[in-house]
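The values are calculated or read from the model by the stated rules, or taken from the named source; none is laboratory data. This is a predicted model, so every value here is computed, not measured. Because the Cβ atoms are built from the backbone with ideal geometry, glycine has one as well, and the counts that use them run over all protein chains shown.
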Amino acid sequence: MKVFGLIGWSNAGKTTLMINLLPELIGRGIKVSTMKHGHHDFDIDRAGKDSFRHREAGATEVLLTSASRWALMHELRGAPERSIENLISHMTPVDLLLIEGFKTHRHVKLEIHRPAEGKPLICRDDPDVVAVASDQLLPDIDLPVLDLNDIPAIADFIVSYCGLKVGAGNGGT
């Protein structure tokens, strides 16, 4: 399973790029899963629901299932955040795992950069950034600079960089 990250400062457009890339890559026959790193306490459950009550009562894991999907929630209960390698080991193998966030982890990444936000380029200090997608030209960097609005070109770059076979859909084998 190939792993490729999308990183950038807040409001750079990581999530927007992710949701635009997914149908483009999937339309090429590539099986894709995603992982998103959140910096805040988050909850996919709602107060009052049975699964929420199970967790509040102290369950370490709660698996919620239906005919349409299943979700496994694991409470850390004060334990350290899991490593990205540990989290990936729980994923079903696919052709490509796109990771949003995890800026400091050592995996190949595309930086999303909008100069108007006034934030520094992450690629200057991160050797794992292999390209930058921006809404403006960035002539002073030595990496490929992709047009943030050209989703097919960004997908082409990821497919090529990861050595994915278009139409493969082989589930990560």
- request: Being within 21 Å of Ile19 (Cβ to Cβ), surrounded by fewer than 19 Cβ atoms within 10 Å (Cβ to Cβ) and β-branched (Val, Ile, Thr) is the filter here, so list the residues in segment 95-114 that pass it.
  value: Val108
- request: Report those helices (runs of 4 or more DSSP H) wholly inside segment 1-114 carrying at least 1 residues which are in contact (Cβ under 8 Å) with a residue 24 or more places away in the chain and not charged (D, E, K, R).
  value: 14-26, 84-89
- request: Output the qualifying pairs, or none if there are none: Cβ atoms under 8 angstrom, residues six or more apart or on different chains, first residue in segment 115-143 and exposed (fewer than 13 other Cβ atoms within 10 Å of the Cβ), second residue among the basic types (Lys, Arg).
  value: Gln136/Arg114
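Is it true that some residue in segment 69-90 is of a type in the set (Val, Ile, Thr), on the phi < 0 side of the Ramachandran plot and over 16 Å from the mean Cα position of the chain (by Cα)?
No, every residue in segment 69-90 fails to be of a type in the set (Val, Ile, Thr), on the phi < 0 side of the Ramachandran plot and over 16 Å from the mean Cα position of the chain (by Cα).
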- prompt: Got at least one residue in segment 149-159 being exposed (fewer than 15 other Cβ atoms within 10 Å of the Cβ) and acidic (Asp, Glu)?
  reply: yes
message: Please go through segment 8-38 and give me each residue that is of a type in the set (A, V, I, L, M, F, W, C), in contact with a strand residue (DSSP E or B) (Cβ under 8 Å, 6 or more places away or on another chain) and under 13 Å from Ile151 (Cα atoms), ordered by number.
response: Leu17, Met18, Leu21, Leu22, Leu25, Ile26
- prompt: Does Arg77 satisfy the condition of being surrounded by fewer than 17 Cβ atoms within 10 Å (Cβ to Cβ), over 18 Å from Lys14 (Cα atoms) and modelled with pLDDT of 85 or more?
  reply: yes
- line: In segment 12-40, anything of a type in the set (Lys, Arg) and farther than 13 Å from Asp156 by Cα is listed as Lys14, Lys31, Lys36
